There are 2 protein chains.
Amino acid sequence: MENQDLKRVGLKVTLPRMKILEILEMARPRHLTAEDIYRLLLESGEEIGLATVYRVLTQFEAATLVQRLHFEGGQAVFELARGHHHDHIVCSECGHVEEFYDEVIETRQKVIAREHGFEIRDHSLILYGNCQHENCPYRNVE
Amino acid sequence: MENQDLKRVGLKVTLPRMKILEILEMARPRHLTAEDIYRLLLESGEEIGLATVYRVLTQFEAATLVQRLHFEGGQAVFELARGHHHDHIVCSECGHVEEFYDEVIETRQKVIAREHGFEIRDHSLILYGNCQHENCPYRNVE
DNA sequence: ATGTATGCAAAACATTTGCACCTGG
DNA sequence: CCAGGTGCAAATGTTTTGCATACAT
């Protein structure tokens, strides 16, 4: 099925691209750095270069198969596009990420952009905080 | 007056720090990269190293004298803190930046964070689009 | 076959750090 | 005087690129 995805966007169906797509589909959490993906590839026995990972991710981004996000901390994270837009809440302590979509915020953004004479193309909304997630190693720590 | 600012946050009043503060105060647009500031310092005849610019900006950020923002494109931009929180709209074509504050969005963010069990600390909201600003070289270009 | 993709190593960036020297209080 | 600040060069971490080889169609 994903072969179709690749062909559809004009990319040859190659092993590195299929494996990277597979990892992006399977991975939980869904948000991975290029380095994460590279490591997962090595762990699953694939001999794929880090440069290829970056190249493929950039192509996938151009084809809107993946989304590149810039959380705090320098490295970009990549997430498989699943059709529906959403924003993110990131735990500053453990890195846990939650997704959300809020119609009120989306609408206000459009209004604000229009008020400022902008034709809005895209936006980045990231909330940073402390989660109470059961897996957060910092949970309830003072 | 800015000397007071520096002393208040426990930093010695040195020439590089004062000059950088001055540039952040004078600069229009208000949003500058470290490299921008470095260049402006050189242009005004100051022999200040880029490493110092980064060090000073990081200290200013820690002291909440400046805010560091991550727009698209790798380099961070710095802006003098002026007491009131605001978010940004950035023109993808010309780089023009506008600021805005929206109570509805602020409120929704808090509610959403609470719903997800997060104690919100901070957020980053950036709208990307095309401005119709008179200085935008891409204005009305198809 | 042939245009693309890949791997590797090297380059390119933005940013940080080590260290000897300088400077503000 | 001396803790803290600075300049320079070198190191770091992430991402990109050049090039020779390998692969998909």
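Every read-out reported here was derived from the displayed coordinates using simple, explicitly stated rules and does not represent laboratory data. Since the model is a prediction, treat every value here as computed from it, not as a measurement. Methodologically, a virtual Cβ is constructed for each residue, glycine included, from the backbone with ideal geometry; neighbour enumeration extends over all protein chains shown.
Here are the numbers:
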read-out	value
Selection from the range B:5-26 of residues that are exposed (fewer than 13 other Cβ atoms within 10 Å of the Cβ), part of a helix (DSSP H, G or I) and more than 9 Å from DNA strand C (Cβ to nearest atom)	B:Arg8, B:Glu25, B:Met26
Test result for A:Gly117, more than 9 Å from chain B (Cβ to nearest Cβ) and assigned to a loop (DSSP other than H, G, I, E, B)	no
Residues of the range A:49-78 satisfying the condition of being within 20 Å of B:Phe71 (Cβ to Cβ) and part of a strand (DSSP E or B)	A:Gln67, A:Arg68, A:Leu69, A:Val77, A:Phe78
Residues within the range B:62-79 that are farther than 14 Å from B:Thr33 by Cβ, surrounded by fewer than 19 Cβ atoms within 10 Å (Cβ to Cβ) and in contact with a helix residue (DSSP H, G or I) (Cβ under 9 Å, 6 or more places away or on another chain), tallied	1
The range B:105-114, subset surrounded by 13 or more Cβ atoms within 10 Å (Cβ to Cβ) and basic (Lys, Arg), residue nearest to the other protein chains (Cβ to nearest Cβ)	B:Arg108
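Per-residue answers, yes or no, for (1) at the interface with chain A (Cβ under 10 Å from one of its Cβ atoms); (2) under 15 Å from the mean Cα position of the chain (by Cα); (3) surrounded by 19 or more Cβ atoms within 10 Å (Cβ to Cβ); (4) small (Gly, Ala, Ser):
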site	(1), (2), (3), (4)
B:Phe60	no, yes, yes, no
B:His84	no, yes, no, no
B:Cys91	yes, no, yes, no
B:Cys94	no, no, no, no
B:Glu99	yes, yes, no, no
B:Glu103	yes, no, no, no
B:Ile126	yes, yes, yes, no
B:His133	yes, no, no, no
